[in-house]
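Trainee: Got a structure for you, questions after.
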Amino acid sequence: MARREQERMGEKRTGEKRAEQKRMEQQKKAVGAGPKGVKGLSTSRGRYGNRREIFLTTGVFLALFLAVIVYLGHFVATSEQEMMNNSYNPRQQILLSRNYRGRILSRDGEVLAETVQDASQKEYRNYPYGSLFSHVVGYSTQGRMGVEALANYYLINTNTSLSNKVANDMAGVKNPGDDVYTTLDVQIQKVADEQLSLYRGAIIVTEVSTGKILALVSHPDFDPNRIEEIWDGLVEDKESSVLLNRATQGLYPPGSTFKIVTALEYYREDPAAYQSYSFQCGGHYTVGDSRINCYHGASHGSVNFTSSFAKSCNSSFANIGMGLDRNAFAETLKGLLFNEELPLTLPYLRSSVAMSESLSTDEMMQTSIGQGKTQITPMHLNMITCAIANHGTLMKPYVIDSVKNDEGDIVKSFQPEAYGRLMSEEEAAFLTELMTAVVEQGTASKLRGQSYTAAGKTGSAEYNNVKGDSHAWFTGFAPAQDPEVCVTIIVEGAGSGGDYAVPIAKRIFDTYFSEK
C-alpha cells in the first residue's frame, strides 16, 4: 500500500512537471507567435524607443549645459567690472598688492583723491579738498562711495608700459593705478558749497548739451580723510544723514517746481487753451471741503496762464489741475520718469507721485501744485529741466570723463549719450517761454538784468503742515535762448525759493560765465 501510494505521488509530480514545461513552451511560442513574429518585432521597437528617449534626454541636458556656458561667457564679457567690484572677489586684493590705487582728478587736472604713503610706508587715501567733494568723489575705505565706487575697476588696474612694470617689479615697488578724470569743476563746486553754507540741502550743476555733472554738493558733508575715525559714530547715530547724498537720494516735495509738469500736461491736452486762460485769485481756491492757499495767503488778482506760472499762483494751478485728464496725466508723469528708473550711474532713489481716477479732490489739488504725497530728488528735477533746455531731449548725466595711465595716454573715454526725448521741441519751447517769464516778471526776478538771460522756476515746498515750514527750490538754465548750463538747488527749511535759492543760482551762473 505504501509503495503504491509513493508511485502515485511520483506520477503526479511527474505530470505536474510536464504540464509546467508545456506551459513554458507555449509562452515562449506566444512571444514569437503571429505572422513574421509580430510580438517579437514589438519588443524590438520597445528597445529602440527606450534608446530614443535616452538620446533625447541627453540632448536636452547637453543643450542646457551649453546655454549655461554661453550665458556665463556673455556675463563675464559684459559684466567684468561688476564682478571685479564685488566685495567677495579676492582679485581686488591681489591687484592692490601689485598696484596702488590711481588718482581722481577734476576736469582741469586738479587732484581730488590720491594714494600716498606715511613715514612707515603705509598707504592711505588723501583728499586734498577735504569735505568739498565728499559725496560725489566719496571714499574707498569702510566700503566705497561716489566716484571711488563707480571707477573702482579702473583705479585698481594699471595700464602703465611693460618696461615700467618690469622696472617696478625689479625695484620691488607697486605699479601706478590708472587715473580717472571727472567732469567736475573745482571753482563751481567751491562756489556752490560756499553758497549753501550751513544750510542742509543740495546743489547740482550740469552741462545741458552733454549731461556732464559740473558740480554736486550735499550738506551736511564730511571729511573723507577722517572717514575711519568718524565711521563708528556715524553708524551708531541712527538719525545721522551725513553720508546721504541729498542730490540723488534725498526725496522732497517739489512744491511749485512741479508746476512745470502740470503746465506741460495742460498744454498737451489743449495747446491753444492757455492763450485764453484767465483766473481770479483771491488768495485761495476751494472745492467742497478742500482748500488750497497761495504762499503766505498772497492774492494775485486777475491772472492769465503765463502770469499764473510766473507768480506761482497755487490757487490758479489747483483750478487747472482739477480739469486735467488723470489717465493722460499719469502717462505724462511716466514719460518724465516718475516712479521709474533713471538713466544714472550714481546711487539714487526713485521719485514718486500718485495719479489715478481714484484720487480725491484734495489729493488732486495738492498734487497739481507739487504737494501731498509727491516726492522728487534734486537730480531728477535737474534732468527734467535739462531736457527742457535741450529742446526736449535728455542727455544721460555722467561724472567720469576719461581714464588715463600714468603717462597720460587715454585708456577709456566716455562720451555724451542721449537717453531719449521726454517732450517735443514745441513743448520744450513752450515751457522755456514760461520759465523765462518767471525771471522777467515773476518769483525769480533776482536773476533779471544780468549779462546773460536765464529761465527757471522757484518753489516753496511745505513739509510741516503745523508750522508751515518750507524748503526753498530753484531749477533753471542759462542763457535762456541758447542754454549751456542747468542749476538745481534745494535749501532745506529756508522758506521762499525766490529769496534763498535764486541768489545762490545767480552766484553759480556768474561763476560759470566768468570762466568762459
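Trainee: Of the residues that make up the range 415-428, is at least one over 29 Å from Thr345 (Cα atoms) and modelled with pLDDT of 95 or more? First the steps, then the outcome.
Mentor: Applying the first criterion (over 29 Å from Thr345 (Cα atoms)) to the range 415-428 yields 426.
After this cut, where a residue has to be modelled with pLDDT of 95 or more as well, the list is 426.
Looking through the range 415-428, at least one residue is over 29 Å from Thr345 (Cα atoms) and modelled with pLDDT of 95 or more.
Trainee: Given the options Pro271, Pro224, Pro254, name the one that is of a type outside the set (Lys, Arg) and at pLDDT below 95.
Mentor: Values: Pro224 fails: at pLDDT below 95; Pro254 fails: at pLDDT below 95.
Only one candidate passes the filter, namely Pro271.
Trainee: Are there any pairs, at least 6 apart or on different chains, whose C-beta atoms fall under 8 Å, with the first in the range 279-296 and in the same structural domain as Thr443 (by TED's automatic domain parsing) and the second surrounded by fewer than 21 Cβ atoms within 10 Å (Cβ to Cβ) and among the charged types (D, E, K, R), and if so, which?
Mentor: His284/Arg291; Tyr285/Arg291; Asp289/Asp362; Ser290/Asp362
Trainee: Among the numbered criteria (1) within 23 Å of the chain's Cα centre (by Cα); (2) farther than 16 Å from Gly372 by Cβ, which single criterion is violated by His296?
Mentor: Tallying (1) within 23 Å of the chain's Cα centre (by Cα); (2) farther than 16 Å from Gly372 by Cβ, His296 fails exactly one: (1).
Residues checked against (1) more than 28 Å from Glu417 (Cβ to Cβ); (2) in a strand (DSSP E or B); (3) not small (Gly, Ala, Ser):
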{"site": "Leu184", "(1), (2), (3)": "no, no, yes"}
{"site": "Gln189", "(1), (2), (3)": "no, no, yes"}
{"site": "Ala192", "(1), (2), (3)": "no, no, no"}
{"site": "Ile203", "(1), (2), (3)": "no, yes, yes"}
{"site": "Ile213", "(1), (2), (3)": "no, yes, yes"}
{"site": "Val235", "(1), (2), (3)": "yes, no, yes"}
{"site": "Ser241", "(1), (2), (3)": "yes, no, no"}
{"site": "Ala247", "(1), (2), (3)": "no, no, no"}
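Trainee: Output the qualifying pairs, or none if there are none: Cβ atoms under 6 angstrom, residues six or more apart or on different chains, first residue in the range 408-424 and assigned by TED's automatic domain parsing to the domain that holds Leu342, second residue exposed (fewer than 12 other Cβ atoms within 10 Å of the Cβ) and charged (D, E, K, R).
Mentor: none
Trainee: Please give the number of the condition Tyr129 fails out of (1) more than 26 Å from the chain's Cα centre (by Cα); (2) surrounded by fewer than 18 Cβ atoms within 10 Å (Cβ to Cβ); (3) of a type outside the set (Val, Ile, Thr).
Mentor: It fails just one condition, (2).
For (1) among the acidic types (Asp, Glu); (2) loosely packed, with under 14 Cβ neighbours inside 10 Å; (3) modelled with pLDDT under 95; (4) over 21 Å from Gly335 (Cα atoms), each residue gets a yes or a no:
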| site | (1), (2), (3), (4) |
| --- | --- |
| Thr374 | no, no, no, no |
| Cys386 | no, no, no, no |
| Ile400 | no, no, no, yes |
| Glu440 | yes, no, no, yes |
| Leu447 | no, no, no, yes |
| Ala454 | no, no, no, yes |
| Tyr463 | no, no, yes, yes |
| Val466 | no, yes, yes, yes |
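Trainee: Something else about it: Among the numbered criteria (1) at pLDDT below 90; (2) under 16 Å from Leu346 (Cβ atoms); (3) not polar (S, T, N, Q), which single criterion is violated by Ala171?
Mentor: Looking at each condition in turn, Ala171 falls short on (2).
Trainee: Related question: Only one of (1) in a strand (DSSP E or B); (2) β-branched (Val, Ile, Thr); (3) closer than 17 Å to Pro254 by Cβ fails for Thr443. Which number is that?
Mentor: Against the list (1) in a strand (DSSP E or B); (2) β-branched (Val, Ile, Thr); (3) closer than 17 Å to Pro254 by Cβ, Thr443 comes up short only on (1).
The values are calculated or read from the model by the stated rules, or taken from the named source; none is laboratory data. Just so it is clear, the structure is predicted and the values come from calculations on it, not from any experiment. Please note: Cβ atoms are built from the backbone with ideal geometry, for glycine as well, and neighbour counts cover all protein chains shown.
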